[in-house]
Structure formats: C-alpha cells, structure tokens
Amino acid sequence: MSVQYEIKQKVIEPKRLAFDYLLKRYGNRPASRYEEATVDIQQRENFHYRPTWREGVEIFDVNYSELKLTDYYSFLDPRQYYYYTYNATRAKNYEAVDKYFEFCEERGLFEKVNEDWLKVFNRYFIPLRHLEYAGWILLVGVARFGYGTSITQCAEFNACDKYGNAQLITRIAFELPEPDGDIFENAKKTWLEDKIFQPLREYVEKLLTIQDWGEVLIGQNLAIDVFVNPLVHIELDNLAVENGVTTFSFFSKYFYDMYKDNMRWTEKLFEVLLSDPNYGENNRKFIESKLNYYAGQISKAIDEFADVFKMPKKKGDFKKAKENVLNHAREVYGKLGLNIKI
Amino acid sequence: MAKKKLTLAQKYHIYTRGLDWEPTYVSKKDIYPYAEYEGIKIKDWNKWEDPFRMTVEAYWKYQAEKDRRFYAILDGFIQNQGHLTLSDARYLNSIKLFIQGVTPLEYMAHRGFAFVARHLPGPGPRTAAFFQSMDELRHTQIEVHAGSNFNKYYDGFHSMTLMHDRVWYLSVPKSYFDDAVTAGPFEYVTAISFSFEYALTNLLFVPFMSGAAYNGDTPTMTFGFSAQSDESRHMTLGLQVVKFLLEQHEDNVPIIQRWIDKWWWRGYRLTSLVGAMMDYMLPKRVMSWKESFELYIEDQILEGLFRDLERYGIRPPLHMEQSIKEKEFLSHDVYWILFSFTFAAAFHSWIPKEEEMEWLAEKYPRTFNQYYRWRYEKAKQAKTPLPGDRFYYIGLPQLCQVCQIPMGFTDPDDPNNFVQRYVEYEGEIYHFCSDGCKWIFEQEPEKYVQAWLPVHEIYKGNCFAEPPKGPDDVVPQVLKWYNIQTDNFDYFVSEDYKNWKEWHKDMATVVV
C-alpha cells in the first residue's frame, strides 16, 4: 500500500524583517548576512572597568586613534567579507596555489631554478617572510584597538592574509634547493644584516611601537604595501622573467592579488575617513602629515634594492622600476585626493 | 645539497616562531609594552610547546568547509520553517539568554585574543591566540545568523548588543568579560583560555548544545558540533598556557594561583545562569545542573585537572568547596531571581508545571520540595497589577558588587537565610552575594568599585529613555531604554505563546 503525505505548509508572516538596530539604520528590509555579522556588533557603552594596561581609555574607545568617524559603520567592506565568506574565498584562492605546487613538483621546476639566480632570489624574496609577519602583528593590533566591527574585522582578515603570506613564502622556501646551507637561517641573517633590508627593517620596527591604529594603517597599508608589492611582485618579477626565471611569477601574481584585495577595503576606509562630515578635515590633516612622512621613508628604504637589480644575466633598470612604483603610489594617493610629495 | 629532514614540530616552528626576530632599532619593550606589569616572569619563550599545529592555509580550508556545512543546514532549517518543529516555544527563552548574554562575549573574546596575539612577546602562543581570535569571530557571527531567523518570529532576539550593554541581568556576563579584557595579557589567557575554556566550557556548552538537540533546534546543535573542534583547540591552548607559565618561574606560581582562585569563582557564578536554564527553561531536559556539575566539575576538573596540577604547586581554587555545597541550591535561587524580575527582562519565565516540579523534586531530593516548591505555590496565588496572573517582585534588587547577580543566594549551612557579606572601602559599603565575590573584591578593590551596577545606575537616573513623569513611570522608562518591547512578563501571556498556539492549530494535514 502506498501512502502519500501532503504537508500543507503554513505561510507565516514574519513579525520583524531584521534585527531592530538594522531596521533603524536601513529601513524596513531584510538584512544581508554581512550586515548581520558586522553592523553594531561591537560593544559600545557602560563598560565596567578601565584597562589596567593603559591609562585614560575605555575597552573600546574612539581615542585609540586620531582618525575618527561620526558613524563608524559608515564604512562597510566593499568585499562584504564576514568570517564564512572570507575563509571560503581564501580557501578557493589557495586551491590554485596547491595545484601550482603540485605542478612544480611534477615538473621538478624548483630544482631547475638557475643557481646564480637562486642566490638573488634568496636574498630579496625569502626574507620578506619577516616583513609579512610584522604586518600580521601590526594588523592584529588594529583588529584589537580599532573602533567598530566593520573596520576591525577587515583588519583581522588582513592580518590573517599577512600571516598566510609569510607562511606561503616559507612553503616556497621549503621547496628550494639549499646550496648555501639553511635557507631560513640565511634569510633571517639577510633580514637582520644585509644592507638592502636595514632601512625597511628599521621602518617596520619603529612602526611596531606605534599605538595609534590609524597611523599603523597608514604606515602599513598605505605605505609599505603600496611600495613593496609593486616593487617585488611586478618589477622584480618582470626582471626575473627577463632573466629566464618564470617559476615564481605565479606566486607574485597571487601575492599581488592579495594586496589588491586588501587595498579595496583600505581605499574605501580612507575615502570614508576623508569625507566624514565632521572629522573629514582633521582626518585629512593627520593622514597627509603621516603619509608624507611614511611614504617618504619607505620610498628611501626601497632604494637599497637597487643592488638586487644587478641580476646574473640581464641587469635591471632600478631607476625605471622605482619610477613605476612611485607612479603606482601616486595613483593610489591621487585617487584618494591626497596631497603627498614623493 | 640534500634538504634536511625535519620533524613536523620543527617544520611548524619555521612556519610560525621562526618568523620572529629580535628587534635592534627599537627596544622590545616598546613593541610589547604590556608584558611585564603583571609580574609574570618568562625565562625562555622557546620552551613553549605548540598545543596544535595549524597553518593559515589549513585553517582556511577546514573552517570554510565547516561553515559551508553549517550554513547549508541553517538555510534548510529556515526554508522548512524549522522553528515550528521545536519542542515548544518556551525552549527559545534559553536561546534568548544565549544570544543576549553569550554571543557578545564571543565577540569580546575575539577582540581579547587579538590583544593577546598583538601583545604577548612569545610568537608561539601569539599564533595560537590569533587563531582563537578568528574562531571567536566565527562563533559570534554564526550565532547571530542562527538567531536572525528566530528574531523574525519571536521576541527577545531583536537587540542583543544594545541589551548586553544595558539590561540588568546581562551585566553579569558583560562584567565578567570586561574584567578579563581589562586585565593584562597573562591574566587574560589564564582567565579565558584556562579557567573558562578548559575548566568551564563543558559546563556551558554541553547543556546548551544537548538542550538544542533534545528540543529540535538543529542550527544550534549543528553549531555546537561544528564549534567542538575549535573548542578543543582552545582547551589545549588553555592548559598549555598555564603549564608553561608555571614551569617558567616559581614566582609565577602564586600569581597564577590567585588568578585561578579568582576566575574559578567568577566563571562559576556566570554559569549559574546556565543552571537555571537547564533545570527550569528547557521543555525537554537533558540532565540537572547538579548532575552536570558533578560530572564536569567534581569528576573531571577537581579529580582530574587539579590532581594533575598538584605537581606544579597549584591547589584547587579557593571557594570550590562552597560551590560544591551550593550545587543543590544554585539553579533554584537563580531561576527564582529571573522569575521574580521577568517584568524587566527580555525573555519569559513561567511557573514550572506540576510534572516539572516532580522532576525537580526527584533531582534535588534534599532541597526542592523543602525550600523552593512553596514559592511557586504562593506565586500562583499572588496577584500583581502586571500581566500574567502570578507573582513578580516589584522593586529593584540589591546586586552583588562583583558578580552583579541580585543577592538571593541561599546559605547552604542555613537554608532559610540568604548569604550577605559586605566590605567597607574608602568610606563606602559594598555588598556581596558570597565569600567568593567578597574575596575577589578585596584583592582588587580599586577595580571593582568601578563596576557599572544596573540598579545603582537606575537610581542615579542614567537609564531612562525620558525622565519619568512619576514613580509609576520609572520602570516603563527603563524598559524603553532597554528597548524591551513585548519581550518580558510571563510566557503564558506572551506573544510568543499566542503565536505558537496559532501556528500549531492545524499545521499539517495527512492525506492517505
């Protein structure tokens, strides 16, 4: 005997379309998962105790930075990342990386890299794992001290990307031959002693002592990232290709894409900071004064990389590369309407 | 030259702490300025043993997959009107408590672990703290997304963050986590990673998640299972942190002991809300608070964990004995408090049904019939001008200065009396619900005098939407400021109950 069940489903009108605070902000419409996960999530008021580690501040406090917004949720991530979409996107991005490692292994590409060129690569590329790691520390600090979940969540994910970058460079290094002994010890020594890295290391160590999260973002996302990524992943990669080494272009593209992805939230945030109806002008003064300093410092710091352009086969033109990097930075700052002299 | 063979641990070191370096252009103290003031001494961060070996790429993959499954189940539940198949709408009152009380703590934990990831000078534990910071954000967002669907049909879900910052009973969880994040990085990890995650998580999570399973709440149950693998990482981090600190320097031992003493009692008082939920608020019960306390605390923590820590010179927490004595009283006291003040709460309460009272009497043969049943018998007869033919305590309670729960804890040695303790400090009197809370105050009075006590703040006039027009307008103005709409009063006069009955009138028709 066959039995058929027909379930009559009731249509139930929802009592509310979204959380009350989202209805107040956005009107009577359902909210997206990004909005639900982000907007007004951070605690705001009636904190019970003051921090014992720093005087004169609350647990969450707009005064952790000189940069301020009238409404901190006037900034929203243009990528709409919340935890799930962020991790899902990165897991997918990384699938290509895994496949590429398989490919290189199958074809023995890492072993085939020219030994003279490898010395150059080990000098300028592998030590960057330390720079990326410093970026992680800096950004996780922004995730703690920034104001409002929309900002701090972006910083948290950016921090995770930085740590991921540091580990991807590490993973590449694990695959490389070691004609000169331990690749990681050598890279750390290069980072600590080689003249090409010293101004950069000095810059980042000083940035690590800065407490203002807005200044940290200026020094990291608007300065280090804007100069180092095009220098290493565009200019030096082009030169590597001209020297017959194409194995690493894939990674450079990956790192550059990661940079571009993080610039989307960074640029949006600074755009919102600069156009704030009440704080816009103060924000502009602070951003321009700090960025003139940081961009100037980082621009000088990368001049030491001229030495790397003396590649084994075809020598590169550092002056031209530097000009391209500067043009890239000018474009980023120009888009934000910032007056930066570099 | 052939590559060296490395163990997994060595490889993981290179992937994590190998990235660190000693700064030379600035002093390390300027990078990590909060590392010394707590008095913890670290001789060698390299002695840190990683509690788990997670790389960022592995993290992305595992977590994305776990979330993919969670959201698929949640979407199915939403699409099929899964809320209609819950055991009873009364069940959701414990989920309201969860989303108002616990979800914002998950968020605070996310930021707190970001603090540790930024400010502990050891790269090994910093890395583990970072992953936990990510996990806690996950837990916040998943819980908000699960709550979002209930919010569309039920009261009590609509304003969890605002309520967490304002409403009287939510100052209990809020003050707990505010206490932790205002402490230094070492106390924070001892408080949250060890005392909470290691010693108390089971007591919080297992009842909630099993409660969800018993009562048809698939999203909460799925989240619980899915969060377990995160939680096991958090627990191993907690144990590792404490052992590491104890091994590093003998001067650390008394400091850690003091923190364990403090955070045991702080956490235990916080979980008393879970006790009330387990014994009174789940339509289908899992186990009693007392049974759960005996299993998770007396057997696993006292007999297991603290035996293990003896060799480090650590003894079980002060006041543990008191919590054991209280186990037959605690949940009844706390539910009675919640019940009495439900006119000002964003959840509903109710008089236990007769069979529920039978269950309580069976589970608590020495206390329920003796000290608590009569309260509900009387509550049925008491008439107040408020909705729901039953008793409410119309007035504002005295709150404990530390845990902030109204002072209604029965003295197990003298069950007809409540415990009341006080301390005079700089010319003011401070009141406490217990010796444990009084002791915590005495260790750091300058911290606890800062407490934002909801009742005091009402008296100070800080909690009104508009100035009250007279004595009768005081509570309504407070409720408005809390954004409590139709979220309060007895369940049986609630919109939740009315709607639930309406929706179940003739839900499914079977055609043969």
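Of note:
- Only the Cβ atoms of Lys and Arg (+1) and of Asp and Glu (-1) were treated as charged; on that basis the dipole of the stretch B:8-502 about its Cα centre amounts to roughly 720 debye.
- Accessible area buried, both sides summed, chains A and B with 1.4 Å probe, Å²: 9300
- Computed on the Cα trace of chain B, the radius of gyration divided by the Kirkwood hydrodynamic radius gives Rg/Rh = 0.98.
- Computed Rg/Rh of the stretch B:1-128, alpha carbon atoms with Kirkwood Rh: 1.14
- Counted by Cβ distance under 13 Å from B:R285, the other residues give a net charge of -2, where Lys and Arg count +1 and Asp and Glu count -1.
- Restricting the stretch A:97-139 to GluC sites (Glu not before Pro) that sit in a DSSP loop and have at most 16 other Cβ atoms within 10 Å of their own Cβ leaves A:E111.
- Chain A: calculated mean residue ellipticity at 222 nm from DSSP helix runs of at least 4, using -39500 (n - 2.57): -19000 deg cm²/dmol
- Pair-distance distribution P(r) for the stretch B:304-438, from all Cα-Cα distances in 5 Å bins starting at 0: 2, 9, 15, 18, 16, 15, 11, 6, 4, 2, 1, 0 percent.
- The reciprocal of the average 1/r between distinct C-alpha atoms defines the Kirkwood hydrodynamic radius, which for the stretch A:1-116 equals 20.7 Å.
- Percentage of interatomic Cα-Cα distances in the protein assembly as shown larger than 56 Å: 15
- Size of electric dipole in the stretch A:20-63: Cβ of Lys, Arg +1 and of Asp, Glu -1, about Cα centre, debye, nearest 20: 140
- Near the amide H of B:D411, within less than 5 Å, lie the amide hydrogens of B:N417, B:F418, B:V419, all on another chain or at least 5 residues away, with H placed in the peptide plane.
- Using the Stokes-Einstein relation with a Kirkwood hydrodynamic radius computed over Cα pairs, the translational diffusion coefficient of the stretch B:69-205 at 4 °C and a viscosity of 1.567 mPa s comes to 80 µm²/s.
- For the listed residue pairs A:K319/B:K11; A:K285/A:K335; B:K327/B:K353; A:K24/B:K66, the alpha carbons are over 28 angstrom apart in A:K319/B:K11; A:K24/B:K66.
- Using a probe radius of 1.4 angstrom, the carbon and sulfur fraction of the accessible surface of the stretch A:20-63 is 46%.
- Look at the dipole of chain B built from charges on Cβ: of B:S87, B:P454, B:Q404, the Cα furthest out on the positive end belongs to B:S87.
- The share of accessible area on the stretch B:109-235 that comes from carbon and sulfur is 63 percent, using a 1.4 angstrom probe.
- Residue among A:L291, A:A166, A:P277 farthest towards the positive dipole end of the stretch A:83-335, charges placed on Cβ: A:P277
- Across the options B:F113, B:Y422, B:L137, the greatest Cα extent toward the positive end of the charge dipole of the protein assembly as shown (unit charges at beta carbon of Lys, Arg, Asp, Glu) belongs to B:L137.
- Kirkwood radius and radius of gyration were both taken over the C-alpha atoms of the stretch B:423-512, and their ratio Rg/Rh is 1.27.
- Using a probe of 1.4 angstrom and keeping all protein chains present, the accessible surface of the stretch B:91-132 works out to 6 square angstrom per residue.
- Heavy-atom accessible area per residue - the stretch B:345-400, 1.4 Å, Å²: 50
- Solvent-accessible area per residue for the stretch A:83-335 (1.4 angstrom probe, square angstrom): 35
- Here the dipole of the protein assembly as shown is about 1640 debye; that uses its Cα centre as origin and unit charges on the Cβ of Lys and Arg (positive) and Asp and Glu (negative).
- At an R0 of 22 angstrom, the distance between the Cβ atoms of B:Q398 and B:K480 translates into a FRET efficiency of 0.40.
- Whole-Å semi-axes of the stretch A:20-63's equivalent ellipsoid (Cα gyration tensor): 31, 10, 8
- Mean separation of Cα contacts under 8 Å, 6 or more apart, over the residue count of the stretch A:1-120: relative contact order %: 14
- When you restrict to C-alpha pairs under 8 Å that are six or more residues apart and normalise by the size of chain B, the relative contact order lands at 16 percent.
The values are calculated or read from the model by the stated rules, or taken from the named source; none is laboratory data. All values derive from a computational prediction rather than experimental measurement. No Cβ is skipped: glycine too gets one built from the backbone with ideal geometry, and neighbour counts run over all protein chains shown. Heavy atoms of the whole protein, side chains included, go into the accessibility calculation; ligands, DNA and RNA do not. Shrake-Rupley method; radii C 1.70, N 1.55, O 1.52, S 1.80 Å.
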